[in-house]
Amino acid sequence: MPSIIFDGTPTVIVSGNVTITVVRRSRSNAGFDVAFIELDLSATGFAQGNDGLHRHEVYLALDGDVILSSVPFATAEGNGNARYLIGPDAMIYLPTEGTHTLTVLVREVGADMVLTGLGATGSTTISVGSENAAYPGQDTICLSPSGNFEGAPAGARLITGNDISAAIRDWSNGTTAPKRIMPRGGETFVQAAQAVTGGDLLIKAFGTGRALIPNAGGFNLSPAATVAAYSHDFRLSGLDADGPYDSLAASGPDTSFIGALFPNTPRNLIHVDNCDIRGFNFHTNFADDGAHLDVGFAATDSVFKDFGHSIFYQFQTRDFGLVGVDYGALDGARTDQGNNGGFPLRIDTSRVQSVSHSQGTSGHGWSGWINGEVAIQSIGRFGTGTTRTDRISVTKSVLRGGSTMLSAGTVEEGASSIPRAKARMRVEGNTFIGDHQTSTIANVSVSPFLMRNNKAFLPTMAGRNGFDPALLQLGISNGDGAAEPSLFTGLIALIHNTVVNDLDGPLTELVNPQTSYTDVVVGNNALVEANLGTPNISDGPLDETPIYDPSTTGYVDGTGTPVAGTGIPSDASGTLVPQVGAGVIEDALGPITFRDGANVQRADPASRGALEPA
């Protein structure tokens with residue numbers, strides 16, 4: 001068993017009593033894949049059983065290995081281990097063929113959020129089939145403008161040419177057999193906007209590097225509501241696609257890289273892997289017919305940048321997951337435009353929303369803000385539709401910008417009479433870096449909600465234009481403004497977070513507009529505020545030596561000149577490890593986590609904040 005998880009075992013551990021259900025969205029399960037994980041603790045003997053999943057410490061490992069995500073930014077905060085995940089609501093990335101072993105450890109956390117010393121383990125295997133076996137012989141089409149087919153699969157159709165659209169039309173014409181289209185990496189191709197109506201389709205580069213599509217038209221997976229339900233996998237890998245939208249000028253055609261209407265869709269998976277996608281109004285735009293839809297979306301080891309309305313704009317998809325994804329706005333949105341962009345991530349699903357080991361950046365928006373600025377939208381807006389969202393997880397990621405950085409539980413426009421449903425949400429092990437508007441790290445109307453082992457930087461900026469900040473603000477109402485009683489019985493927990501607030505105004509840990517919440521735990525957080533009139537620095541010193549450059553340009557005016565003080569400064573990073581003499585050291589009481597935000601076993605006595613001292 002991997003020591004990164006299983007050193008320091010619980011006092012009592014009952015092996016094999018965690019049941020793991022692996023939910024596969026893909027029909028092909030070939031070459032590379034993802035899996036969504038569901039855990040059953042009913043046989044563990046834990047006092048709360050499955051009702052405690054939102055509070056227990058849950059650790060997952062694949063194949064007992066430690067590997068880094070291929071996305072370089074992920075290593076900046078030590079979040080690059082894409083195979084080590086915090087559960088229970090995780091999407092697992094399976095990058096290679098073969099049989100993989102998934103291992104889980106659950107440490108019981110009691111009703112008072114204190115570790116009981118009990119633990120349970122479980123394991124299962126997940127198989128990824130042979131890609132060549134799934135797309136044999138003539139079911140694979142290889143394209144090369146230069147006629148170089150070195151490394152092409154044996155028996156594939158070899159076409160000297162650069163038209164991906166023609167290859168798709170060739171395949172779509174009357175066949176439902178799974179197909180693989182392979183443009184050669186490092187060469188340039190054309191792809192016109194087109195409908196995709198055949199069977200399972202994989203477009204994946206062969207050879208070295210990504211296939212280049214400088215004027216991509218995008219893919220429409222359901223041309224009209226009258227077309228039969230899209231019941232197939234659509235997977236992309238190794239593509240570098242640029243569209244026609246200019247996000248800095250907020251202009252260009254209303255294009256989607258992947259657009260879909262899913263009437264009564266059966267199980268399938270849309271998966272973007274190892275791609276760099278830029279320059280579309282919508283990168284993914286999934287509509288719905290008002291019903292629960294059984295389609296999954298995954299993005300892994302990919303970059304999504306330069307967008308207009310949204311990158312991930314998905315309604316009624318069944319499961320959603322990001323692992324190792326760099327997504328968000330380009331620097332330099334124009335503040336003189338009333339609508340200079342939209343949402344990096346806006347999701348409504350009926351089961352799982354999982355973001356891990358990723359980097360999100362928000363830098364523009366569409367709604368008003370104080371002093372006439374355009375509000376910078378949330379990096380992640382979850383559960384924004386009219387249907388129930390069961391499980392939301394944001395873990396081990398680096399998130400930058402947004403007047404409110406994360407939001408969850410709001411009701412979609414036009415549906416204000418639909419009350420918010422209870423949904424568990426976990427925000428754990430992340431690094432948040434505020435911009436000049438940031439006023440709330442998380443604003444949610446869901447419960448249970450757990451915010452644990454996170455770090456946050458609120459840097460000084462000359463152009464500061466926001467309210468005094470809060471770590472968490474709780475909503476209380478549905479879209480009609482009426483109280484929603486079902487929200488108030490779930491756990492709200494803010495434990496072991498560290499905040500460096502360099503603003504002039506004080507930070508509030510919890511903003512709760514009324515007292516109806518019945519299970520609230522706030523404890524062992526660390527806060528350093530050096531720039532208040534009376535500095536609050538007793539929790540320091542912390543190591544604020546910059547470890548990478550998170551800077552952004554911020555807003556620009558109508559001439560393209562940066563607006564002073566609206567960009568994130570370059571020094572807004574650091575390990576935040578407590579240094580000698582810090583008041584947080586060995587000062588934790590009550591709800592103490594077993595591991596800290598760097599996956600290190602906590603000392604006894606433990607320290608407050610996200611990290612133990614070195």
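Given the peptides 455-468, 270-283, 526-539, 135-148, arrange them by the average over their residues of other C-beta atoms within 10 Å, most packed first.
Sorting 455-468, 270-283, 526-539, 135-148 by mean packing, highest first, produces 270-283, 455-468, 135-148, 526-539.
Give the long-range amide H neighbours of Gly332: residues separated by 5 or more places, or on another chain, with amide H under 5 Å away, using H modelled in the peptide plane at 1.01 Å from N.
Result for Gly332 returns Thr553, Gly554.
Under a crude label model (7 Å from the Cα following the beta-carbon direction), how far is Asp571 from Ile370 in nanometres?
With each label point 7 Å from Cα toward Cβ, the separation is 2.6 nm.
Excluding residues fewer than 8 places away in the same chain, name every one of the aspartates and glutamates whose C-alpha is closer than 15 Å to that of Lys396.
In chain and number order, the partners are Glu57, Glu77, Asp89, Asp301, Asp326, Glu428, Asp596.
If one computes the Cα centroid of region 430-474 and of region 321-362, what distance in Å separates the two points?
Measuring centre to centre over Cα atoms gives 16 Å.
Note down the magnitude of the dipole of region 309-578 about its Cα centre, charges +1 on Lys and Arg C-beta and -1 on Asp and Glu C-beta and zero elsewhere, to the nearest 20 debye.
It works out to roughly 960 debye.
According to the square roots a ≥ b ≥ c of the eigenvalues of the Cα gyration tensor, what is the shape class of region 502-583, taking rounded for a/c under 1.5, prolate for a/b larger than b/c otherwise, and oblate for the remainder?
Oblate, because a/c is 1.5 or more while a/b does not exceed b/c.
Dipole size in debye (nearest 20) for region 491-614 around its Cα centre, Lys and Arg Cβ +1, Asp and Glu Cβ -1?
Dipole of region 491-614, to the nearest 20 debye: 240 debye.
How far apart, in nm, are the 7 Å Cα→Cβ label points at Ala47 and Ala530?
4.3
Taking θ = phi - 60°, what integer Hz values does the Karplus form 6.51 cos²θ - 1.76 cosθ + 1.60 yield along region 250-258, in sequence order, with x for Gly and Pro?
Calculated HN-Hα couplings, in order: 6, 8, x, x, 7, 9, 10, 5, 10 Hz.
Could you check what % of the DSSP bridge pairs in region 309-578 are antiparallel, to the nearest 5?
5
Taking 0.36 nm per residue of separation and subtracting the Cα-Cα distance, what length does fully extending Thr208 through Asp519 add?
Taking Thr208 through Asp519 to full extension adds about 106.5 nm, to one decimal.
Quick check: pseudo-label points 7 Å beyond the Cα along Cα→Cβ at Val22 and Gln601, how many nm apart are they?
Going from the Val22 label point to the Gln601 one covers 2.9 nm.
No value in this document is a laboratory result; all are computed from the given coordinates. Just so we're clear, the structure is a prediction, and the values are computed from it rather than from any experiment. So basically every Cβ, Gly included, is an ideal-geometry build from the backbone, and we count neighbours across all protein chains shown.
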